Amino acid sequence: VVSVEITPRNASFAKACPQRVQLDVLRPCEPLPPSPFLEKLFQAGHDYEGETCAGLCAGVEGARVIEVEDPDAREWQTMQAMSAGARVVAGGRLPVDHEGHRVGEPDLLVLDADPGGPADAAGSACGYLPVDVKFHKVLDAARKPGTGRALVSCLDAPSFAAASPDPEHDARWRVDDLLQLAHYRRLLEQAGCASPLRNVGGIYGSEGVIAWYDLDEPCLDPSEYLVAPSAGRLSAMELYDLEFAHRLAVHAAALEHIGSAAAPLLAEPITCRQCDMCQWRSWCAERLEAVADLSLLPGVGVARRRLYKSNGVENLQDLAALDWTTAELLRCKVDLVDLRAQVRDLPGSTPLDTVIPKRKKQLEDLASLGFATVADLAGVDLEVLDRHAGVGSTLSTQIELARARVGPSPAYRRHEVERIGVPRGDVEVDVDMESTNDGCYLWGALVTDRRVATPAPRYVSFATWDPDLEAGELVAFKGFWSWLSDERARAESDGSSFRAYCYSRNAEQGHMTRIADRLGLRDEVDRFVTSEAWVDLLEVVKTQLITGRGMGLKETAPLASFAWRSDDIGGQSALVNYDSAADDTDPAAQVEAQRWILEYNEDDVRATAALRAWLDGPARALPSITSAPG
Ligand code: SF4
């Protein structure tokens with residue numbers, strides 16, 4: 001029971017980073033202003049929901065759209081509409097649940113009726129089901145045709161009773177969506193308006209259908225923030241109740257802490273997926289760095305961090321100090337416990353291959369790490385063996401990541417890398433594209449002709465600013481592809497080698513093949529992206545370097561002393577500028593937005609070029625991770 005007064009929380013509360021919940025109460029400094037990108041995202045989501053709700057309701061008899069702004073009036077009208085048995089209530093607001101500290105505004109409330117039972121026009125014997133509108137997909141193609149289990153309703157009949165199975169699709173079970181539906185269900189229950197027939201909720205996705213979810217089906221894993229989650233999977237309702245209660249406790253503890261500094265806080269900064277867009281990120285980042293927090297490492301989340309701490313590993317320095325060799329033996333699944341038991345009474349000079357002669361793979365791994373005789377086993381670190389064996393096979397990797405992160409060099413060569421290499425060409429082209437959810441509007445390339453004494457890299461771009469991006473992307477890609485093919489053919493006709501580089505083939509290649517399908521160029525493009533002429537620099541970097549940090553271009557290009565002209569190098573401003581570049585009523589603003597995007601794109605391709613030159617030169621002097629201090 002929470003004793004302090006808590007403002008009712010909305011549906012996002014159960015999904016929020018607990019530290020954020022805490023800082024929203026404590027407010028230790030001014031939060032950063034929301035980024036224009038985030039505001040654009042909110043606005044796009046809001047517009048989409050608004051349009052969709054209106055569109056949904058236009059074709060539904062008995063639908064009621066709540067249009068007033070005042071929260072109390074919205075609540076009242078929503079309750080009136082449900083009491084009157086409206087088939088759908090759009091844009092409503094449910095009464096505040098003061099006891100549960102909840103408030104919520106579901107996009108749609110859909111009347112639920114038993115198709116076999118008598119219709120109840122007043123809706124009193126029936127009840128309502130929550131449906132939320134999302135800007136993402138809700139369906140996946142079934143693994144085998146005809147085996148899908150999705151239950152969907154169409155736009156013109158959004159009720160559950162009208163839902164039918166879609167054997168070609170499975171519903172996407174997104175935790176965030178389900179927690180939101182569970183939040184609305186609790187509010188409906190409190191208001192006495194929840195359907196007594198079933199506990200389901202719907203998500204209207206970008207496919208234009210509502211996918212229905214059983215909120216009582218145990219199908220979700222507990223979040224890592226829950227310290228002692230029950231064994232097994234949880235239903236959306238169970239998980240929601242736990243998550244919401246956890247954040248309420250964090251919130252209440254923070255309020256008590258304000259009243260009495262001795263009252264303990266329940267959350268702390270832990271790096272998570274929400275950090276990049278969080279208004280407290282500067283405050284948290286400073287503290288995470290100050291304590292060398294384990295969550296700064298890629299792959300160390302809340303649960304792994306907790307496990308390390310319970311084993312006495314408090315920070316990155318502690319992790320870096322663990323014995324890598326023993327952890328590597330554990331990764332290789334060498335049964336050290338059994339082996340040590342077997343050699344207990346044997347002379348030190350006994351070769352291990354006489355102890356476990358049939359375990360060839362284990363012997364190979366032992367030998368590769370310098371363990372040939374019984375005496376060598378004295379090098380096994382018992383602390384790692386006894387305390388950290390339960391961490392799993394990634395322990396040795398994370399020890400190296402920690403060493404790289406706390407070591408003096410900005411990057412290290414991976415264990416097995418003797419000399420850093422990168423494929424080079426006489427003619428090199430760095431490629432980067434820019435896209436929105438609707439398509440790809442720019443292909444930029446930097447050509448470097450290394451056959452001349454002092455190459456002067458040349459930037460070329462193929463852009464479309466056509467607001468009809470579906471059509472425009474074909475024109476832009478056609479131009480780019482024809483130019484790239486000509487450059488390649490010209491180089492190869494001279495007997496010169498040609499290489500084109502991207503940073504993460506998933507992005508560029510994904511769009512290339514998708515658009516090539518539309519243009520009938522798929523075979524040509526497939527031949528190119530599977531040839532040695534097409535190089536993913538991210539793969540080159542990841543397989544040879546270790547930094548203990550992210551491996552995105554924005555993190556690796558600065559290793560080559562590359563700096564972007566724009567302060568905002570997260571790619572978010574490009575999306576914000578795109579709207580203006582494509583469709584601004586002010587021609588000067590439109591030209592300026594286009595100029596900004598092209599400059600940003602040019603810097604990205606110059607960054608990959610700089611990174612390649614660095615890999616092929618100064619990076620060779622990087623120390624091996626084996627020399628990083630442990
Ligand atoms: S920066 Fe990260 S850890 Fe800190 S409050 Fe935000 S999301 Fe939570």
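Compute the Cα gyration tensor for the range 186-234, then decide on rounded, prolate or oblate, letting a ≥ b ≥ c be the square roots of its eigenvalues: rounded whenever a/c is under 1.5, prolate when a/b is larger than b/c in the other cases, and oblate in all that remain.
Oblate is the answer for the range 186-234, as a/c is 1.5 or above yet b/c matches or exceeds a/b.
Going by accessible area, probe 1.4 Å, with all protein chains left in place, what is the ranking of 496, 627, largest first?
I get 627, 496, largest accessible area first.
Treating the beta-carbon of each Lys and Arg as +1 and of each Asp and Glu as -1, no other charges, what is the dipole magnitude of the chain about its Cα centre, to the nearest 20 debye?
Result for the chain is approximately 2220 debye, rounded to the nearest 20.
Each residue of the range 350-355 in turn: what ³J(HN,Hα) in whole Hz from Karplus with 6.51, -1.76, 1.60 and θ = phi - 60°, glycine and Pro shown as x?
5, x, 5, 6, 8, 8
Please report the relative contact order for the range 165-281, taking Cα pairs under 8 Å with a sequence separation of at least 6, and give it as a percent rounded to a whole number.
17
Classify the chain as rounded, prolate or oblate, taking a ≥ b ≥ c as the square roots of the eigenvalues of its Cα gyration tensor: rounded when a/c is under 1.5, otherwise prolate if a/b is larger than b/c and oblate if not.
oblate
Where Lys and Arg each count +1 and Asp and Glu each count -1, what net charge lies around residue 134 among other residues with Cβ under 11 Å from its Cβ?
-3
Quick check: at a probe of 1.4 Å, how many percent of the accessible area of the chain sits on carbon and sulfur atoms? Can you show the working numbers first?
Values: 15340 of 29820 Å².
After summing per-atom areas, the C and S share lands at 51 percent.
Per residue, what accessible area does the chain have, given a 1.4 Å probe and all protein chains present, in Å²?
About 47 Å² of surface per residue is accessible.
Restricting attention to the range 555-610, which trypsin sites (Lys or Arg not before Pro) occupy a DSSP loop and are surrounded by at most 13 other Cβ atoms within 10 Å?
565
Placing unit charges on C-beta atoms (Lys and Arg positive, Asp and Glu negative, everything else neutral), compute the dipole magnitude of the range 482-588 about its Cα centre in debye, rounded to 20.
440
Which ³J(HN,Hα) values in Hz, rounded to whole numbers, follow from the phi angles of the range 305-314 under the Karplus curve 6.51 cos²θ - 1.76 cosθ + 1.60, where θ = phi - 60° and Gly and Pro get x?
Coupling constants for the range 305-314: 4, 5, 5, 4, 5, 5, 8, x, 9, 8 Hz.
By per-residue mean of other Cβ atoms within 10 Å, what is the highest-first order of 172-182, 264-274?
172-182, 264-274
Lysines within cross-link reach of residue 333: Cα-Cα under 21 Å, excluding same-chain residues under 8 positions apart?
Once the sequence-local lysines are set aside, what remains near residue 333 is 358, 360, 361.
Out of all DSSP beta bridges with both ends in the chain, state the antiparallel percent to the nearest 5. Before the final figure, lay out the partial values.
Details: 43 of 59 bridges.
About 75 percent, rounded to the nearest 5.
When you count, for each residue, the other Cβ atoms within 10 Å and take the mean per peptide, how do 94-103, 417-426 rank with the highest first?
So the order, starting with the most tightly packed, is 94-103, 417-426.
Per residue of the chain, what 222 nm ellipticity follows from adding -39500 (n - 2.57) for every DSSP H run with n ≥ 4, rounded to the nearest 500?
When only DSSP H runs of four or more count, the value is -12500 deg cm²/dmol.
If amide hydrogens are placed 1.01 Å from N in the peptide plane, which non-local residues have theirs closer than 5 Å to the one on residue 104?
94
Please say if the range 353-436 is rounded, prolate or oblate, where rounded means a/c under 1.5 for a ≥ b ≥ c the square roots of the C-alpha gyration tensor eigenvalues, and otherwise the choice is prolate for a/b larger than b/c and oblate otherwise?
prolate
Which far-off residues, 5 or more places away or on another chain, put their amide H under 5 Å from the one on residue 534, with H placed in the peptide plane?
Hits under the 5 Å cutoff: 500.
List every residue whose amide H lies under 5 Å from the amide H of residue 139, counting only residues 5 or more places away in sequence or on a different chain, with H placed 1.01 Å from N in the peptide plane.
172
The values are calculated or read from the model by the stated rules, or taken from the named source; none is laboratory data. Treat the numbers as computed from the prediction; the structure is a model and nothing was measured. Every residue, glycine as well, gets a Cβ built from its backbone with ideal geometry; the counts of neighbours run over all protein chains shown. Heavy atoms of the whole protein, side chains included, go into the accessibility calculation; ligands, DNA and RNA do not. Shrake-Rupley method; radii C 1.70, N 1.55, O 1.52, S 1.80 Å.
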